[in-house]
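First up is the structure itself, then whatever we jot down about it.
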């Protein structure tokens, strides 16, 4: 069981470090070409909110290669970008997976969850899904950090045989269970993110919270499980940061409703 120090969790941050939030649904299907059919079905249902699907390079991967390397079944073959107020969103479709990605500016959990539920219902009612394997909710954040200690924002000690980690380029990955979920945490530094106007450097914190769908009543429980995944991911993110780091990100008080 995961144990960690209890901290006051902010409702939102004024200095939002989020780069991207990703919901992924992995499934089994009896249709051999589901990735060619599903994009059109989704576009028909969500026309006016998303652009026509664009074919990606992974669409040309032969089925024989996917049979030899099953993880290729989760590599997106088509993408459909949101328009107007849904511009931060994009839907990606693989032979055995669908994702909803939200880039900056983040819509907030309430709106992002609503969009997830809409897409999930479209996928569920297509008749193309034989069984659910899992769903996951991933948040990718860039925390301000620099040499000589890229791990300074984290609440922990990082040394190996007397050598202090954090002063040199590093990548750390770990996973552990909490309740019925599994968290996969990846730390990467230095991470450099360039936009049209800025270049930011820091510690990339990737937290992927996964639920394996072994329950026969998955869809009846999905909304509640989605909230639980978000809340656990949110609490874990703040749990691994120092209080000083949280203060630097300008926490805002709880105004009611779910954390963002």
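The values are calculated or read from the model by the stated rules, or taken from the named source; none is laboratory data. The model shown is predicted, which means the values in this text are computed figures rather than measured ones. Positions of Cβ are generated from backbone atoms using ideal geometry, with glycine treated the same way; all protein chains shown enter the neighbour counts.
See the values below:
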quantity: Subset tally (residues that are surrounded by 15 or more Cβ atoms within 10 Å (Cβ to Cβ) and farther than 22 Å from residue 230 by Cβ) for region 184-202; calculated: 6
quantity: Residue in region 66-85 that is surrounded by the most Cβ atoms within 10 Å (Cβ to Cβ), counting only those that are part of a loop (DSSP other than H, G, I, E, B) and touching a helix residue (DSSP H, G or I) at 6+ places or on another chain (Cβ under 9 Å); calculated: 77
quantity: Residues satisfying the stated conditions in region 97-124, i.e. surrounded by 19 or more Cβ atoms within 10 Å (Cβ to Cβ), out of contact with any strand residue (DSSP E or B) (no Cβ under 6 Å at 6 or more places or on another chain) and closer than 13 Å to residue 25 by Cα; calculated: 120
quantity: Matching entry among 135, 176, 238, 218 (being touching a residue at least 12 places away in the same chain (Cβ under 8 Å), in contact with a strand residue (DSSP E or B) (Cβ under 8 Å, 6 or more places away or on another chain) and more than 20 Å from residue 98 (Cβ to Cβ)); calculated: 176
quantity: Failed item in (1) out of contact with any helix residue (DSSP H, G or I) (no Cβ under 9 Å at 6 or more places or on another chain); (2) modelled with pLDDT under 95; (3) under 30 Å from residue 247 (Cβ atoms), with residue 110 passing the rest; calculated: (2)
quantity: Number of positions in region 16-50 that are surrounded by fewer than 17 Cβ atoms within 10 Å (Cβ to Cβ) and assigned to a loop (DSSP other than H, G, I, E, B); calculated: 6
quantity: Filtered residues of region 163-182 (kept if surrounded by 13 or more Cβ atoms within 10 Å (Cβ to Cβ) and more than 24 Å from the chain's Cα centre (by Cα)); calculated: 164, 165, 166, 167
quantity: Criterion (more than 30 Å from residue 217 (Cβ to Cβ) and modelled with pLDDT of 90 or more) met by exactly one of 152, 131, 120; calculated: 152
quantity: Selected residue [closer than 30 Å to residue 10 by Cβ and assigned to a helix (DSSP H, G or I)] from 117, 100, 107; calculated: 117
